[in-house]
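Trainee: Have a look at this one before I ask anything.
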Amino acid sequence: MHLRPIASIVTAVALLTGCASTIDQDGLEKRTAQAIGRTVGQFTITDRSEETGGRINYTVNTREGLAYRCYLYGVTGLQKAMTFGQTPHSDAICTAMVGGQNRGTNQGSAASGQRGRSAGGECNALLRAAGRC
């Protein structure tokens, strides 16, 4: 008879905390560093917001003046509990924002980690179509 109120409270707490992501700042920075090709400490994370379902949206600014808009999916408390902690957070997905301080650089190339030409200096059809040759 006394278990019913306790079960109701536990269920309510689980539902309320189940939508918030469980990733910490360190994990967010490590995934972002991998996505933008920088080491942790060479950028700042601002404008962090969370959506239901664990999606985290945020802005990244590098020391060089580049800006990225990023998101990742973090495991929610409910997902973590239901899978016994076996569901991982996603990788960060980042897009370079056009119009940063370094307008003379190709920010799209910086985001993908690729130069305008391949290592051999050749221009292939994809690079020509993208206007990078």
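Trainee: Given the criterion out of contact with any Cys (no Cβ under 9 Å at 6 or more places or on another chain) and either surrounded by fewer than 20 Cβ atoms within 10 Å (Cβ to Cβ) or within 13 Å of residue 90 (Cβ to Cβ) (or both), identify the matching residue among 65, 54.
Mentor: The conditions single out 65.
Trainee: Sticking with this one: Say whether the condition of being of a type in the set (A, V, I, L, M) and either at pLDDT below 85 or surrounded by fewer than 15 Cβ atoms within 10 Å (Cβ to Cβ) (or both) is met by at least one residue in region 19-38.
Mentor: yes
The values are calculated or read from the model by the stated rules, or taken from the named source; none is laboratory data. What you see is a predicted model, and the numbers here were worked out from it, not measured in a lab. Glycine gets a Cβ as well: all are built from the backbone with ideal geometry, and neighbour counts include every protein chain shown.
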